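K.L.:
If you scroll down you'll find the structure; I have some questions about it.
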Amino acid sequence: MPDLPSPQGAAEAALFSECWDAALSYADLCTAGSAAAAELAREAFAQGIRELREAESATVRSRRSARLPRIPLLLTAVRSTAAAWEEAGQGHKLDPDLRLWLHSEQAARYTGPPLERPVALRGLRDLQPADAELLWLAEAESLPLPLVARRLGLDPATAADELAQVGRLFRDRCHRNHIDSPLDAECRSYARLLDAVTRSPAADAPDDLSRHLATCHRCAEAAACLRLHGGGLPGALTGGVIGWGGLAYLERRRRAAEARLGAGRPDLADTDGGHPADGEPRSRLGRHGPLVAALLVSLLALV
């Protein structure tokens with residue numbers, strides 16, 4: 001099992017503190033036991049931090065960025081590490097449903113040709129780094145806007161307006177990526193109507209479009225990203241970016257954020273993975289508190 005990387009300065013130490021619990025929470029969803037979750041989280045965290053450092057170094061040299069925000073980058077590292085385990089004959093450590101998903105066409109989309117990948121994944125990657133961080137922390141991690149503003153150095157008084165603007169930018173990127181995808185003739189014929197219907201909360205989808213969305217997964221996926229109203233954006237974002245277990249992860253983070261607020265400490269890192277939504281993999285972290293605590297102590301020691 002690889003050691004956790006050592007932080008390079010105070011900024012990266014803060015990154016470790018913020019992101020470790022997210023990676024461990026998702027790793028717990030992906031595995032068949034808490035020991036395997038800890039092993040998967042540590043291996044993926046080391047891989048993700050290396051990728052993050054390389055991406056940030058490339059950004060400094062070229063002044064360009066085309067990467068995921070920090071937390072989803074680490075979550076995708078968990079998923080890719082789980083896939084590597086499956087290929088290496090260690091699949092018995094993984095959740096059985098995840099093992100099935102890893103061999104599906106849906107899983108192949110996340111690593112296949114760029115134009116075939118989910119529009120949410122492509123749309124988030126297309127945003128400026130600060131905008132992508134704001135959208136992910138507010139929507140996927142369910143953090144209160146004042147806390148997100150403080151972490152990102154934004155003015156809390158204007159954070160809501162900035163989030164709304166970023167949401168519109170994300171929508172535009174997703175619409176463009178949907179159009180750029182290799183659509184068949186029927187999907188392409190509905191693209192303009194889909195854009196128009198999802199712009200307004202009062203617009204009803206025509207019957208023919210509704211029937212199409214009921215049978216076409218990709219257009220339904222795009223519709224969820226284009227419809228900023230109705231509360232479906234967080235699920236579309238997490239499902240499109242990390243894939244398997246996205247809704248369960250979202251529910252864990254929502255409950256963890258509520259627990260921190262209920263305790264009066266919104267700045268505390270989440271050390272309780274919570275419970276996933278019904279029908280998703282169930283939480284094991286609460287039943288293995290000592291192991292999780294020991295891992296966190298080792299992480300804090302490194303920080």
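The values are calculated or read from the model by the stated rules, or taken from the named source; none is laboratory data. Small disclaimer: the values here were computed from a predicted structure and weren't measured. Don't worry about glycine lacking a Cβ; one is built from the backbone with ideal geometry, like all the others, and counts go over all protein chains shown. Just the protein is used for accessible areas: all its heavy atoms, side chains included, with ligands, DNA and RNA removed. Shrake-Rupley method; radii C 1.70, N 1.55, O 1.52, S 1.80 Å.
K.L.:
Could you give the length gained on full extension between H103 and H217, defined as 0.36 nm per residue of separation minus the Cα-Cα distance, in nm?
P.N.:
Residue separation times 0.36 nm, minus the Cα-Cα distance, leaves 39.2 nm.
K.L.:
For the range 88-136, just run the numbers: alpha carbon Rg, then divide by 2.2 N^0.38 Å, N being how many residues it has.
P.N.:
Its radius of gyration relative to the 2.2 N^0.38 Å reference: 1.51.
K.L.:
Going by average Cβ neighbours within 10 Å, how do the peptides 153-163, 92-102 rank, with the highest at the top?
P.N.:
Ranking, from highest mean packing down: 92-102, 153-163.
K.L.:
Per residue, how much accessible area does the range 95-182 show when a 1.4 Å probe rolls over the protein heavy atoms, in square angstrom?
P.N.:
Spelled out: the 1.4 Å probe surface of the range 95-182, per residue, equals 47 Å².
K.L.:
Amide H neighbours of T31 under 5 Å, at least 5 residues apart or on other chains, H built in the peptide plane: list them.
P.N.:
The answer is D95.
K.L.:
If the only charges are +1 at each Lys and Arg Cβ and -1 at each Asp and Glu Cβ, what is the size of the charge dipole of the range 115-260 around the Cα centre, to the nearest 20 debye?
P.N.:
The calculation lands at about 320 debye.
K.L.:
Next question. With the cut-off at 1.5 for a/c, could you classify the range 40-164 from its C-alpha gyration tensor as rounded, prolate or oblate?
P.N.:
prolate
K.L.:
Here's another thing I want to ask about it. Between A202 and H92, 0.36 nm times their residue separation minus their Cα-Cα distance comes to what?
P.N.:
Between A202 and H92, full extension yields an extra 34.8 nm.
K.L.:
Grab the other residues whose beta carbon is less than 10 angstrom from that of L134, score K and R as +1, D and E as -1, and report the net.
P.N.:
Once all neighbours under 10 Å are counted, the net charge is -3.
K.L.:
Quick check: net charge around S80, other residues with Cβ under 11 Å of its Cβ, Lys/Arg +1 and Asp/Glu -1?
P.N.:
Taking every Cβ under 11 Å from that of S80, the sum is -3.
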